[in-house]
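Q: I'd like to ask some things about the structure below.
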Amino acid sequence: VEGDALGGSVNIKMKQASDKAFFKVEGGSGYNLYYTNHDFLTFDNSTVAAKDFSAIHGPDYLAQESEFPRKNLVVQPKQAIPDLDLNFSGGRRFFHNKLGLLFAVSTQTNSQANTYDYTSYSPDPNTNKNVVDYWEHQVFSKRQKKYGGYIKLDYQFNANNQISLFSSLFQSNELRVREYSDRQAENGGQNVRPIETQTQSDISGLSTTTLQGEHKISDKLAVDWTILYANANSSSPDFASIVLSKLGNNSPATLNYSRPVTRNWQWNKDENESAYLNINYKPQLFDHQFDFKVGGMARKKFRKNYANEYFFDPTPDYANYPNPDLLTVPLSNHQNDQQQKGNAKLNPGNYRAWEDVEAAYAMVTTSFGKFQILTGARAEFTYMTNQHNQNNLQVPVASSTLRYFDILPSLHLTYKITDKQNLRFSVYQAINRQGYTEIIPYSDPRAGAQSGNPNL
């Protein structure tokens, strides 16, 4: 594993096909009682374009407001449908149990929603009674569909040598709606601004292919190796935000006077190529069993991220369209050419990043009666480089490079008090490697997202 596993790691051991053939079907359904007295919010994503106009026609294309579809801006309350889980799995061995086949297929649909209300109070100086000075209301709904498939082949040449090939594919499609509003303390606490609605399609996928080998050279020497390729992608086409406001409880809501509609297109893809090698030697030395282990790994990772944002203004007579119908309310994007092009050229969310990690380790384990010692060290070299757009016409593309080398020692002591009690002491050194979006000055507009810090 890599040296930045600060929170620990999980080693998932995929089971092999057993000598006896099997086939299993599992199914389940459920319904959340939240929906018996709450609407489930969704929208029509049939008109959502996977790519924006800049990606289709080039960064200088002047997109007209009339070219943007609007059906996906309208939130529709509906009754949530029941959740559903369905899984198939099976396997058997062939050719005198030398070749094993194992597969699994899974599909899942579910609905998630919640309502959040927050109110704060402060004393009224005239009456000395608590009065509301801030109020916030949020509603969140998500419809999720997941698909997954897994297949594993293993071939046992003999009791000491086997290879395994397994591949997996996962896909997740989500429709999300978020409604948010707050009442400001200004104007006697009557202004409600913003009244924001967000509609978002989120599509992500992951595929992996792994080739592994396990070889027992002798009773004392064993070798295992792994070669892995993984590909991941994620996209949020036409993530839209609509902002309204109202003055007082009795006034109707209108479009906010500044940039009330914003639409974002974002996607990324990751490629990961990795190789791992472990050599395990178990000699008897000085009347003690020792377990020596050495090995190394190399990983090459590449990410490309695209982001473009378009914003739209209300027409000057926006106050004449109370509680606006988002299918017909007039909007404008003719402030300048930049508004029609979007900000793909100057958006720091457009970046490319490369990260190479090479490492080697050595460790030893032995016991002295009830006392066990495990110690070792890891040497790790990291090389990261990135190129990203920035909001600067003089230097539109910036790049940076990080190189660092670490020696990471560890010591683990265990004393076996009884068969059911251990006393353990551990000390180790690790690193916290920066993620791409942590060091690129990129700000994700989606709720709960993060912004990068190039000085980290």
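The values are calculated or read from the model by the stated rules, or taken from the named source; none is laboratory data. These figures come from a predicted structure and were not determined experimentally. Here the Cβ positions follow ideal geometry from the backbone for every residue, glycine too, while neighbour counts run over all protein chains shown. Remember, those area values only see protein heavy atoms, side chains included, never the ligands or the DNA or RNA. Shrake-Rupley method; radii C 1.70, N 1.55, O 1.52, S 1.80 Å.
Q: Test of understanding: what is the full-extension gain from Asp325 to Gln144, defined as 0.36 nm times their sequence separation minus their Cα-Cα distance?
A: On the way: separation 181, 0.36 × 181 = 65.16 nm, distance 2.73 nm.
Contour length minus the Cα-Cα distance gives 62.4 nm.
Q: By a straight-distance test (C-alpha under 20 Å), which aspartates and glutamates pair with Lys98 as possible cross-link partners, with residues fewer than eight away in the same chain excluded?
A: Correct list for Lys98: Asp19, Asp154, Glu214, Asp224.
Q: Show Phe94, Phe290 ordered by accessible area, largest first, where the area counts protein heavy atoms only and the probe is 1.4 Å.
A: Working: Phe94 70, Phe290 35 Å².
So, going from the largest accessible area down, we get Phe94, Phe290.
Q: Over the stretch 210-313, what is the relative contact order in whole percent, taking alpha-carbon pairs under 8 Å and six or more residues apart?
A: Values: 216 pairs, mean separation 30.7, N = 104.
30 percent.
Q: For the stretch 145-154, in order, what is each residue's ³J(HN,Hα) by Karplus, 6.51 cos²θ - 1.76 cosθ + 1.60 with θ = phi - 60°, in whole Hz (x at glycine and Pro)?
A: Each residue of the stretch 145-154 in turn: 10, 10, 9, x, x, 8, 9, 9, 10, 9 Hz.
Q: Could you tell me the calculated FRET efficiency between Lys13 and Asn97, based on Cβ-Cβ distance and R0 = 22 angstrom, to the nearest 0.05?
A: On the way: r = 20 Å, r/R0 = 0.90.
Calculated transfer efficiency: 0.65.
Q: Once all Cα-Cα distances of the stretch 239-326 are split into 5 Å bins that start at 0, what whole-number percent is in each one?
A: It works out to 3, 10, 12, 9, 8, 6, 6, 6, 5, 5, 5, 5, 5, 4, 4, 3, 3, 1, 0, in whole percents.
Q: With a 1.4 Å probe and every protein chain left in place, work out the accessible area per residue of the chain in Å², rounded to a whole number.
A: Numbers: 25870 Å² over 456 residues.
Spelled out: the 1.4 Å probe surface of the chain, per residue, equals 57 Å².
Q: Please give the Cα centre distance for the stretch 364-395 versus the stretch 114-153, rounded to the nearest Å.
A: The distance from the Cα centre of the stretch 364-395 to that of the stretch 114-153 comes to 38 Å.
Q: Okay, next question. Can I get the semi-axes of the stretch 111-198's equivalent ellipsoid? Compute them from the C-alpha gyration tensor as square roots of 5 times the eigenvalues, in angstrom, largest first. Provide the component values of the computation, followed by the final result.
A: Details: eigenvalues 670, 50, 13 Å².
Listed largest to smallest, the semi-axes of the stretch 111-198 are 58, 16, 8 Å.
Q: When only Cα pairs under 8 Å and 6 or more residues apart are kept, what is the percent relative contact order across the chain? Write out the running numbers ahead of the final one.
A: Values: 1142 pairs, mean separation 49.1, N = 456.
Over the chain, the number comes to 11 percent.
Q: Counting Lys +1, Arg +1, Asp -1, Glu -1, what net charge surrounds Gly100 among other residues with beta carbon under 15 Å of its beta carbon? Walk me through the numbers before you get to the answer.
A: On the way: positive: Lys13, Lys15, Lys20, Arg92, Arg93, Lys98, Lys152; negative: Asp19, Asp154, Glu214.
Taking every other residue near Gly100 into account, the sum is +4.
Q: If amide hydrogens are placed 1.01 Å from N in the peptide plane, which non-local residues have theirs closer than 5 Å to the one on Leu402?
A: Here the answer is Met384, Thr385, since their amide H atoms fall under 5 Å of that of Leu402.
Q: How big is Rg to Rh over the stretch 323-456, alpha-carbon atoms, Rh as the Kirkwood inverse-mean-distance radius?
A: On the way: Rg = 25.8 Å, Rh = 20.0 Å.
Radius of gyration over Kirkwood radius for the stretch 323-456 works out to 1.29.
Q: Exceeding 23 Å between C-alpha atoms, which entries from my cross-link table qualify? They are Lys152/Lys304; Lys146/Lys345; Lys145/Lys269; Lys216/Lys282; Lys146/Lys301; Lys220/Lys416.
A: Working: Lys152/Lys304 30 Å; Lys146/Lys345 34 Å; Lys145/Lys269 20 Å; Lys216/Lys282 12 Å; Lys146/Lys301 25 Å; Lys220/Lys416 25 Å.
Cα-Cα > 23 Å for Lys152/Lys304; Lys146/Lys345; Lys146/Lys301; Lys220/Lys416; rest within.
Q: At 222 nm, what value in deg cm²/dmol follows for the chain if DSSP H runs of at least 4 each add -39500 (n - 2.57) and the sum is divided by all its residues, to the nearest 500? Intermediate results must be reported in sequence, preceding the final value.
A: Numbers: 4 runs with 18 residues, N = 456.
After summing the helix terms and dividing by the residues of the chain, the value is -500 deg cm²/dmol.
Q: Right, another one. If you average the C-alpha positions of the stretch 39-56 and of the stretch 258-317 separately, how far apart do those two centres end up, in angstrom?
A: 27
Q: Can I ask one more? What percent does the relative contact order of the stretch 353-413 come to when contacts are Cα pairs within less than 8 Å and at least six residues apart?
A: Working: 116 pairs, mean separation 21.8, N = 61.
Relative contact order comes out at 36 percent.
Q: Okay, next question. What's the magnitude of the charge dipole for the chain around its Cα centre, counting Lys and Arg as +1 and Asp and Glu as -1 at the beta-carbon? Answer in Debye, nearest 20. Numbers along the way, then the final one.
A: Details: 45 positive and 45 negative charges, 329 e Å.
With only Lys, Arg, Asp and Glu charged at Cβ, the dipole is about 1580 debye.
Q: Still on this structure, I have one more. Just to be sure I understand, if you calculate mean projected area of the Cα convex hull in nm² for this structure, which of [x] 27.7; [y] 32.2; [z] 18.7 do you get?
A: Matching entry in [x] 27.7; [y] 32.2; [z] 18.7: [y].
Q: Something else about it: Solvent-accessible area of Met363, probe 1.4 Å, all protein chains present, reported in Å² to the nearest ten, please.
A: 60
Q: Taking a probe of 1.4 angstrom, what is the accessible area of His38 in Å², to the nearest 10?
A: 70
Q: With a 1.4 Å probe and all protein chains kept in place, how much accessible area does Arg259 have, in Å² rounded to the nearest 10?
A: Here the residue's solvent-accessible area equals roughly 120 Å².
Q: Calculate the FRET efficiency for Glu174 and Glu67 from the Cβ-Cβ distance with a Förster distance of 25 Å, rounded to the nearest 0.05.
A: Values: r = 26 Å, r/R0 = 1.03.
After rounding, the FRET efficiency stands at 0.45.
Q: Once both labels are modelled 7 Å past Cα along the beta-carbon direction, what's the Ala232-Ile373 spacing in nm?
A: Output for this residue pair reads 3.9 nm.
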